[in-house]
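A quick write-up on the structure given underneath.
The values are calculated or read from the model by the stated rules, or taken from the named source; none is laboratory data. On a predicted model such as this, the values are computed, not experimentally measured, just so you know. Using ideal geometry, Cβ is built from the backbone for each residue, glycine included, and neighbour counts are taken over all protein chains shown. Accessible surface areas use protein heavy atoms only, side chains included; no ligands, DNA or RNA. Shrake-Rupley method; radii C 1.70, N 1.55, O 1.52, S 1.80 Å.
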Amino acid sequence: MPDLNGALLVGGTSSDAGKSLIVAGLCRALAREGVRVAPFKAQNMSNNSAVTLDGGEIGRAQALQAAACGLEPDTRFNPVLLKPGSDRRSHVIVRGRPYGDVGAADYHARRAELAHVVADELASLRRDVDVVICEGAGSIAEVNLRATDIANMGLARAADLPVLLVTDIDRGGSLAHLFGTLALLEPADQALVAGFVINKFRGDPGLLAPGLDTLRARTGRPTLGVLPFADDLWIDAEDSLASPVGRRVGGPVAHTGRPRLRVAAIRLPRTSNTTDVEALACEPDVDVTWVDDPSAVRVADLVVVPGTRATVADLGWMRSRGLADAVVERAHRGLPVLGICGGFQMLCRRIVDPVESGLGEVAGLGLLDVDIEFRQAKTLRRFGGHDGRGSRVTGYEIHHGVVVRSTEDTWLVDDETGPEGARRGAVVGTHCHGLLDGDDARRTFLSRIAAEVGRAGFVPASDVSAARVRERQLDAIADLVTEHLDMRAVHRLLEAGTDPMPSVLSWLSEHRAPTSRP
């Protein structure tokens, strides 16, 4: 086992550059070497979240990275989580607990006090494990926010972390992105950037090599890895923005020759916990697609109205797009609809919301005779129970809205709190996320859907495990990292940090080739 003790930061030239994937891959690769490793993201902005064992809330990506390490989710892995409720305001979670709703300017002013939280949590982690792999947020060159930065170079400077700078070459312009990102940093920040990582490269690496040589000549920094594009990595998206309309969820299609189920997942503006539909996409004969048009809702075998950080606002959006009418129409025809958390609340008769939207009483779609009231205190808990048909179900709850009245049959029964969710004919709803990760519960649910829509011959795969699919994904990411990233260089950075690297302008001035004058 390598004698490693240290930490590094994986930063990006932009959002969705591949930071989360590379952190997960490094965590799993080091864990396979026998290293006690943990993930850390000081500040995350995502509506995809998970519940820790002690009832805290962290970003879903950090929960996946924890699994890569062989650890349960811990609030220290993501001390500050922002959950956008609109373009200008976010719900803030600190150390796993609600901190309040803030606007961009308010949050900017509060980040100084949050810097102490971040420093304490990282120090606590570093005492408990050998290695911490930190993930930056967005681009490390958001110089307009540098003075109060707690997630990128502010964190790296405070904790003296070497930085790997990652770019997504599939978007184009990556060499310029790497050079420009580095050049925008002040010299003391540049000194910590130890090398570059190219993500999602397609084609012949030999054609890229001259560009990397030029990049090194102009920055003094090596490229430590070129990771190839892998279209079979799809599970546990970092953010709902990674789930665009029209995209089929899941890996390559495996045709079995049996009838297939078509699932339309409505892509709400503030969709949360997209992993709920990913569990359905693990099935080889289930096609899951994100949609935002009424026609797709009408023709699907199953429609999923997923969770959302803005129930009332997203319900208004559904009405404005004709999606609400399409969901009601299919329900009246006896076609299946599944509502999860915020989606469940939309299916109910009445919503009273003084918390998220502040609009008070709002009419729901009325497909379930249930009333919902939002409370200031958020429900954060893990769920364990059964579905009434003998299938064991587990999951987790993250919601302000609670059921205050229901005349419907309940769908689930929690071991501790009793009835949960509601069911009327082919319409079902629950506040619980993650239920369909349970293989027996998912197979029972899909078999019922197939019977309701007349898909005779559809059979859920008996050998598919959502948990094993996730584990295979983590191993595949780790294989990519170990094969295409210079792990010896990573070990050196963890052991000794980085020697101060030159600033781009000073490097260029010292190494500029002489020019001839006429």
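Details
- Highest to lowest packing among 218-225, 307-314, scored as the average C-beta count within 10 Å: 307-314, 218-225
- Rounded if a/c under 1.5, otherwise prolate or oblate - the chain, Cα gyration tensor axes: prolate
- For the chain, carbon and sulfur atoms together expose 51% of the accessible surface, with a 1.4 angstrom probe and every protein chain in place.
- Residues of the chain: accessible area per residue with a 1.4 Å probe, Å²: 40 Å²
- Annotation: aspartates and glutamates with alpha-carbon distance below 13 angstrom to K200 (same-chain offsets under eight excluded): D16, D168, D170, D231, D232.
- Annotation note: chymotrypsin sites (Phe, Trp or Tyr not before Pro) in region 159-227 located in DSSP loop regions with a Cβ neighbour count of at most 11 within 10 Å are absent.
- Dipole magnitude of the chain about its Cα centre (Cβ charges: Lys, Arg +1; Asp, Glu -1), debye to nearest 20: 760 debye
- When nucleic acids and ligands are ignored and a 1.4 Å probe is applied, L436 ends up with an accessible area of around 20 Å².
- For region 347-402, trypsin sites (Lys or Arg not before Pro) meeting the loop criterion (DSSP other than H, G, I, E, B) and having at most 15 other Cβ atoms within 10 Å: R389.
- Electrostatic dipole magnitude of region 69-152 [Cβ: Lys, Arg +1; Asp, Glu -1; Cα centre; debye, to 20]: 220 debye
- Modelled label positions at R258 and S15, each set 7 Å beyond Cα in the direction of Cβ, lie 3.9 nm from each other.
- Ligands, DNA and RNA excluded, the heavy atoms of V263 present near 10 Å² of accessible surface to a 1.4 Å solvent probe.
- Looking at region 318-348, the trypsin sites (Lys or Arg not before Pro) that sit in a DSSP loop and have at most 14 other Cβ atoms within 10 Å of their own Cβ are R333.
- Kirkwood Rh in Å, taken over region 281-346 so that all alpha-carbon pairs contribute: 12.3 Å
- In a fully extended conformation the segment linking H116 and D499 would gain 135.2 nm over its present Cα-Cα distance, using 0.36 nm per residue.
- Lys/Arg +1, Asp/Glu -1 at C-beta; the chain dipole; positive extreme among P294, L446, F201: P294
- Tensor-based shape of region 258-376 (alpha-carbon gyration tensor, a/c under 1.5 rounded, otherwise prolate or oblate): prolate
- Sites A230 and S295 - FRET efficiency at Förster radius 45 Å, r taken between beta-carbons, to 0.05: 0.85
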